[in-house]
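*Asks:* Please read through the structure below; I'll follow up with questions.
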Amino acid sequence: YRGRGDRPFWEADPKYDTDAKRGELISRVLRIQKELVEKHFGCFKPSFIHNAWMEGNRLVSEGHTRVPEDVHTVWADNGYGTFRAMIGEGCDPEQVRDTLPRQPPAGAHGVYYHVSMWDFCTPFLTQFVPPQRIEREFARVMQKQMTAYLLINCGTVGKCVTGTAAIADLWND
């Protein structure tokens, strides 16, 4: 549901002017995508995820986006190793809050976590996220049992070995 320039699609389509309308469209598209994959590739018993990147975290946690049954909701950090909303142009500061739901909706959950991110504001060729932040954030993930899926965005692997190893240690325990 990301539009041009990695922005929300509703910035280019003003008829989606409420979170309810945005969530309804995303919910419908998720159902259709799942049905299409099952129809054509169901014999392979595919697994499904919904990556709730950026404002998607809020739309799912507030119930605007309804993730289909048997789809793992994947909660993303803000690109800087913290499970807080990312502030962007046109973002209401009230929306910059914790992205992990207090009580995850029914179903399996996982996380998408950035050990490194290239966005013109971060040092992507060095260890960017401190191990203490990784430990704090993954303690929260484990406490909420959001362990059905893990995707680590590590940018340049050789520069992010410490952070990636820290996550592996926490995850494997």
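*Asks:* In whole Hz and in residue order, list the ³J(HN,Hα) couplings for the stretch 134-148 that follow from phi through the Karplus curve 6.51 cos²θ - 1.76 cosθ + 1.60, θ = phi - 60°; x for Gly and Pro.
*Replies:* With coefficients 6.51, -1.76 and 1.60, one gets 4, 4, 4, 5, 6, 4, 5, 4, 5, 4, 8, 6, 9, 10, 7 Hz.
*Asks:* What residues qualify as long-range amide H neighbours of I49, i.e. H under 5 Å apart, gap of 5 or more or another chain, H built at 1.01 Å from N?
*Replies:* Excluding prolines and chain starts, which carry no amide H, the hits are H72.
*Asks:* Taking a quarter of the surface of the Cα convex hull of the stretch 1-92, what do you get in nm²?
*Replies:* Seen from a random direction, the Cα hull of the stretch 1-92 projects 6.8 nm² on average.
*Asks:* Treat each spin label as a single point 7 Å out from the Cα along the C-beta direction, and report the C43 to R31 distance in nm.
*Replies:* 2.8
*Asks:* Quick one: order E69, E137, E62 from most to least accessible surface, probe 1.4 Å. Walk me through the intermediate numbers first.
*Replies:* Values: E69 150, E137 5, E62 85 Å².
The ordering from most to least exposed comes out as E69, E62, E137.
*Asks:* About its Cα centre, what dipole magnitude does the stretch 128-173 give when the only charges are +1 on Lys and Arg Cβ and -1 on Asp and Glu Cβ, stated in debye to the nearest 20?
*Replies:* Charge dipole, the stretch 128-173, about its Cα centre: 160 debye, nearest 20.
*Asks:* Scanning the chain for trypsin sites (Lys or Arg not before Pro) in DSSP loops with at most 14 other Cβ atoms within 10 Å, what's the longest stretch left with none?
*Replies:* 16-96
*Asks:* From the residues T99, V157, T147, which one has its Cα farthest along the dipole of the chain in the positive direction, the dipole being from +1 and -1 charges on Cβ of Lys/Arg and Asp/Glu about the Cα centre?
*Replies:* The residue sitting most towards the positive pole is T147.
*Asks:* Another question, if that's okay. Over the stretch 1-90, calculate the relative contact order: mean separation of alpha carbon pairs under 8 Å at least 6 apart, over the residue count, as a percent.
*Replies:* Reported as a whole number, the value is 25 percent.
*Asks:* Please state, rounded to one decimal and in Å, the Kirkwood hydrodynamic radius that the stretch 1-45 gives when every pair of distinct Cα atoms enters the mean of 1/r.
*Replies:* For the stretch 1-45, the Kirkwood estimate is 11.9 Å.
*Asks:* Tell me which residues come under 5 Å, amide H to amide H, from R66 once H is placed; ignore anything under 5 positions away on its chain.
*Replies:* S27
*Asks:* Can you sort C43, C154, C160 by 1.4 Å-probe accessible area, starting with the largest?
*Replies:* Sorted descending by solvent-accessible area, the residues read C43, C154, C160.
*Asks:* In terms of Cα to Cα distance under 21 Å, which lysines are near enough to K34, apart from those fewer than 8 places away along the same chain?
*Replies:* Correct list for K34: K21, K45.
*Asks:* Given the -39500 (n - 2.57) contribution per DSSP H run of 4+ residues, what per-residue ellipticity at 222 nm results for the chain, rounded to the nearest 500 deg cm²/dmol?
*Replies:* Values: 4 runs with 55 residues, N = 173.
Value at 222 nm, helices only, nearest 500: -10000 deg cm²/dmol.
The values are calculated or read from the model by the stated rules, or taken from the named source; none is laboratory data. Given the structure is predicted, the values throughout are model-derived calculations rather than measurements. Positions of Cβ are generated from backbone atoms using ideal geometry, with glycine treated the same way; all protein chains shown enter the neighbour counts. Heads up: the accessible areas ignore ligands, DNA and RNA and are worked out on the full protein's heavy atoms, side chains in. Shrake-Rupley method; radii C 1.70, N 1.55, O 1.52, S 1.80 Å.
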